[in-house]
Amino acid sequence: MGILPTWHQAGITAPILLVITRLVQGFAAGSESSGVITYLAESAAPNRRATLTCWSEKFSFMAFVCGSGLVLLPTHALGKPQ
């Protein structure tokens, strides 16, 4: 997404490309998540299945929090543009 053209460079093609890349990213993340949960549930001992499968969701949320923090820190460090 970082190398996509801007509106001024490509016109209507720019937001269309952005939507397509976000859809591909979402589909990839969605299929990865369900695959991990299935693998953990099938390979874990019966008394540990719930514990192991919940870690997948916890780490998915933590990745979101860390990504948001990586965007927030430079924004506050640089301040608002004049």
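The values are calculated or read from the model by the stated rules, or taken from the named source; none is laboratory data. A quick note: this is a predicted structure, and the numbers were derived from the prediction, not measured. Glycine gets a Cβ as well: all are built from the backbone with ideal geometry, and neighbour counts include every protein chain shown. Surface accessibility is based on the protein's heavy atoms, side chains included, excluding ligands, DNA and RNA. Shrake-Rupley method; radii C 1.70, N 1.55, O 1.52, S 1.80 Å.
Quick notes
- Sole exception among (1) open to solvent by 90 Å² or more (accessible area, probe 1.4 Å); (2) in a helix (DSSP H, G or I) for M1, by number: (2)
Residue by residue, here is whether (1) touching a Pro at 6+ places or on another chain (Cβ under 9 Å); (2) in a helix (DSSP H, G or I); (3) surrounded by 11 or more Cβ atoms within 10 Å (Cβ to Cβ); (4) not aliphatic (A, V, I, L, M) holds:
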residue: Q9; (1), (2), (3), (4): no, yes, no, yes
residue: A14; (1), (2), (3), (4): yes, yes, yes, no
residue: I20; (1), (2), (3), (4): no, yes, yes, no
residue: S33; (1), (2), (3), (4): no, yes, yes, yes
residue: L40; (1), (2), (3), (4): no, yes, yes, no
residue: N47; (1), (2), (3), (4): no, yes, no, yes
residue: L52; (1), (2), (3), (4): no, yes, yes, no
residue: W55; (1), (2), (3), (4): no, yes, yes, yes
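- Out of A29, A14, one residue alone is under 19 Å from F64 (Cβ atoms) and either aliphatic (A, V, I, L, M) or at pLDDT 90 or above (or both). It is A29.
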